[in-house]
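The values are calculated or read from the model by the stated rules, or taken from the named source; none is laboratory data. For clarity, every value in this text was computed on a predicted model and none was experimentally measured. Every residue, glycine among them, receives a Cβ derived from its backbone with ideal geometry; neighbour counts consider all protein chains shown. Accessible surface areas use protein heavy atoms only, side chains included; no ligands, DNA or RNA. Shrake-Rupley method; radii C 1.70, N 1.55, O 1.52, S 1.80 Å.
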Amino acid sequence: MIRLAVISGKGGTGKTMITAALAQLLPGTLVLADCDVDAANLELLLNPKLIRTEPFMGMKSAVINPAICIGCGECESHCRFNAIFPEGNTYRVSPLHCEGCAVCNYVCPVQAVSMEPRQTGEVKYSQTERGHLVHARLVPGAGNSGLLVHAVKKMALEQDRDCDLFLIDGPPGTGCPLISTISGVDAVLIVTEPSVSGLHDLKRVVAVCRQFRPRVLVAINRFDLDESLAESIRQWCTEESIPVVGEIPFDPVVIDSVRKGVPVTRAGDSPAAQAIQILKTNLEQELTIHDNQR
Amino acid sequence: MKIAVASGKGGTGKTMVAANLAFTLSQTCQVTLVDCDVEEPNLHLFFPAPATAKDVTVPVPVIDEKICDRCGKCGEFCQYGALTVLRDRVLFFPELCHSCGGCTLVCPKNAIHEEPKRVGIVTYAKPLPRLDLVSGYLDTGNPFAVPVIRAAKTATAGDSLVILDASPGTSCPVVETLDGCDACILVTESTPFGLHDLQLAVDVTARLGIPAGIVINRSDGKDQATLDFCMNHDLEVMMTIPFDRGIATIQSRGDLLCRVRTEWLKAFSALYGKCCALTGAE
């Protein structure tokens, strides 16, 4: 199985649109995962049929029993996450801020604090035309998105380990959900755009990837919106020995296809669809070369 | 007045709105702009200026192997699996540590003390006479954005007018950014992705009790679904920015819409007025 994650650094560069199109075009058996668990959108293009849902339990959360609490404030003074605050003569825990460290539970002199399991999301297992999709929903404002990413990947690998390709739609950024997404993958496809922000964020996310194992590939989306910045991205990639495997032009058909809820490669022949076809061919070659080297 | 700019979906134009709002306000008053998208900070690209930097550190445990008798209490206590006690030594995994300090409390031999570990930097610049820019940068490879966001916010806690640019998403970095803000601008685009993620972002602002208003960016006129959602949830559409390749180019080059097309100053000024109205202030 080849494991490929589509990521971006900067948000909104077109990860999900490209992932959905590649899912349709790439050959062989496939399992898909949407690891952008904060704001999961892949399902909006793949029309999945839900098979089952499992609750996601994040870290336990502290709960103070006001009937036992004597209001001494030991918990508040030891909490490093500003999660405990006075309420009347006792104290209360803000579940949005609690990171589940259990220090308050340890320091409380009267055992008023319990650590309680808390459901902070769900993992969904669905069927699409191109194979199973594992996706998730994080309760808005909840933490542990890195753990939820791990749970999504784990379910995909347990259920569909015999597939030829594990294709992941990743999160933006460089923090814990991104690191959790790229750990253990063979290759990342970084989708960037010709803007000063796009190039800046590309450099940062490449720096993170290089601390891990995956092979790094780049695609430039909406490359024709600024030819000179697109050229800066190509040059930088050449200097860094990173293959640019695709360049997709700005094309209003992309937004139309998102509004129709289908991959752009299903919305008739268009410049964007043709460019993604080329991206797919290059990607197959790169990933096969990589496979033979191992 | 502290105004956060957030979105749910990435790439909708948070940074563009935050930068132009701060630029507009700085024409008439002192304003602080804070880049809380510490995983991918971009505001400095729009306001190039010399900056000074300060390290952001978090405390992490250091175990004195001479005192430690490998009793295992720290490893049992750590909820994050950051400490594993072996027969002859203790393994510490810094990337899993949340710096809660629990291990130092539970160690019966007092063999654990904490030392600062760098996780990022906060930079300070003054790109315009009345504009301070404070940017958080998470060190690449470090998973935890929250301490860097907290440091950037703490540095601006006493400032009277602060605009904060949040990261995309709806999880802990966004909560940390929004916490304590008076109002939140949610920037969206009129696609099913934009609307789906806007709904999640509205949920976060509601949970935090922060009044929110909407900016529709790159509008191609097909905004009805977004407008309906806003109407049904009593959310004001405070500004609509049309899709225009000229505007896109200004932004992609790292320039400011309000600097290049000064007629937009008035619109961003009005946006600030609407944010104040959200909070009930003048």
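Please enumerate the residues belonging to region A:256-274 that are under 18 Å from A:Leu26 (Cβ atoms) and touching a Phe, Trp or Tyr at 6+ places or on another chain (Cβ under 9 Å).
The answer is A:Ala272, and nothing else.
Taking the criterion of being at positive phi and within 10 Å of chain A (Cβ to nearest Cβ), would at least one residue in region B:219-240 satisfy it?
Looking through region B:219-240, none of the residues is at positive phi and within 10 Å of chain A (Cβ to nearest Cβ).
Looking only at region B:5-60, which residues are of a type in the set (A, V, I, L, M, F, W, C), within 13 Å of chain A (Cβ to nearest Cβ), within 30 Å of B:Leu105 (Cβ to Cβ) and out of contact with any Leu (no Cβ under 7 Å at 6 or more places or on another chain)?
Hits for region B:5-60 are B:Val58, B:Val60.
Can you confirm whether B:Thr32 is assigned by TED's automatic domain parsing to the domain that holds B:Gly194, at pLDDT 95 or above and not in a loop (DSSP other than H, G, I, E, B)?
Here the answer is yes, as B:Thr32 does meet what is asked.
Being within 12 Å of chain A (Cβ to nearest Cβ), β-branched (Val, Ile, Thr) and buried (at least 24 other Cβ atoms within 10 Å of the Cβ) is the requirement here; does B:Val122 meet it?
No: the conditions fail for B:Val122.
Do you know which residues across region A:152-178 are assigned to a helix (DSSP H, G or I) and touching an Asp or Glu at 6+ places or on another chain (Cβ under 8 Å)?
Of everything in region A:152-178, those that are assigned to a helix (DSSP H, G or I) and touching an Asp or Glu at 6+ places or on another chain (Cβ under 8 Å) turn out to be A:Val152, A:Met155, A:Pro177, A:Leu178.
Need at least 2 residues that are more than 28 Å from B:Asp64 (Cα to Cα) and either out of contact with any helix residue (DSSP H, G or I) (no Cβ under 8 Å at 6 or more places or on another chain) or in contact (Cβ under 8 Å) with a residue 24 or more places away in the chain (or both) per element, so show me which helices (runs of 4 or more DSSP H) inside region B:96-210 make the cut, counting only ones lying wholly within it.
Answer list for region B:96-210: B:146-155, B:172-178, B:192-208.
Go through A:Val185, A:Val191, A:Val110 for me and flag whichever is in contact (Cβ under 8 Å) with a residue 60 or more places away in the chain and more than 13 Å from chain B (Cβ to nearest Cβ).
On inspection, the qualifying residue turns out to be A:Val185.
Tell me, please, whether a residue that is farther than 28 Å from A:Pro27 by Cβ and polar (S, T, N, Q) can be found in region A:128-138.
Within region A:128-138, not a single residue is farther than 28 Å from A:Pro27 by Cβ and polar (S, T, N, Q).
Considering every residue within region A:195-206, establish whether at least one is touching a strand residue (DSSP E or B) at 6+ places or on another chain (Cβ under 8 Å), assigned to a strand (DSSP E or B) and within 14 Å of chain B (Cβ to nearest Cβ).
No; the residues of region A:195-206 include none that is touching a strand residue (DSSP E or B) at 6+ places or on another chain (Cβ under 8 Å), assigned to a strand (DSSP E or B) and within 14 Å of chain B (Cβ to nearest Cβ).
Out of (1) surrounded by fewer than 18 Cβ atoms within 10 Å (Cβ to Cβ); (2) at pLDDT 95 or above; (3) closer than 30 Å to A:Cys101 by Cβ, what's the single condition that is false for A:Pro171?
Of (1) surrounded by fewer than 18 Cβ atoms within 10 Å (Cβ to Cβ); (2) at pLDDT 95 or above; (3) closer than 30 Å to A:Cys101 by Cβ, only one is false for A:Pro171: (1).
With A:Leu165, A:Leu157, A:Leu189, A:Leu178 as the choices, which residue is open to solvent by less than 20 Å² (accessible area, probe 1.4 Å) and over 30 Å from B:Leu45 (Cβ atoms)?
Sole residue among the options that is open to solvent by less than 20 Å² (accessible area, probe 1.4 Å) and over 30 Å from B:Leu45 (Cβ atoms): A:Leu165.
So which residues in region B:77-94 are in contact with a helix residue (DSSP H, G or I) (Cβ under 8 Å, 6 or more places away or on another chain) and either under 27 Å from B:Ser135 (Cβ atoms) or open to solvent by 70 Å² or more (accessible area, probe 1.4 Å) (or both), if there are any at all?
B:Gln79, the sole residue that qualifies.
Quick one: is A:Arg161 at the interface with another protein chain (Cβ under 9 Å from one of its Cβ atoms) and either hydrophobic (A, V, I, L, M, F, W, C) or farther than 30 Å from B:Val106 by Cβ (or both)?
The answer is no for A:Arg161.
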